[in-house]
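Please see the structure below; I have some questions.
Where a number appears in this text, it was derived from the coordinates with a stated rule and is not lab data. Please read all numbers here as calculations on a predicted model, not as lab measurements. Note that we place each Cβ from the backbone using ideal geometry, even for glycine, and neighbour counts take in every protein chain shown.
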Amino acid sequence: MGSSGLNSFLVRIIQLHLYPSISFFPSVVSSLLGILPGLGVTLAAIEISQTQIVAGTTRLVYSLFETLLIAIGISMGSQVAFWVSQKSASDIVRPAHTR
């Protein structure tokens, strides 16, 4: 939750103050791809398919909770950036491809 929160906070601050036309979600997601639990989900699927149900389910639940913590960190970092800068989401210029 720490690195995803810090990352989304920094990207949102840069978006609010320096480059208002930057796309927030592609910037945050592309920088967090390295910490997504893809290997855990893959190993869980392999273990479940090999009838190691307890180990596979445990690994799958752990990976899902890890993904949930990353999502909470992204949301918290973005909201803290709005709170610190006293701007709202409507103050941001939307990129042309999202209009």
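Determine which residues of region 40-74 fall in the zone a paramagnetic label at LEU6 would reach in this model, i.e. backbone nitrogen under 19 Å from the point 7 Å along Cα→Cβ.
It comes to 67, 69-74, nothing else.
What residue among GLY73, ALA45, ILE13 has its Cα farthest toward the positive end of the dipole of the chain, where the charges are +1 on Lys, Arg and -1 on Asp, Glu, each on the Cβ?
My answer, from the dipole projection, is ILE13.
Which value results when the Cα radius of gyration for the chain is divided by 2.2 N^0.38 Å?
Rounded to two decimals, the normalised Rg is 1.37.
So, by mean Cβ neighbours within 10 angstrom, what's the order for 2-14, 40-52 with the highest one leading?
Peptide ranking by packing, descending: 2-14, 40-52.
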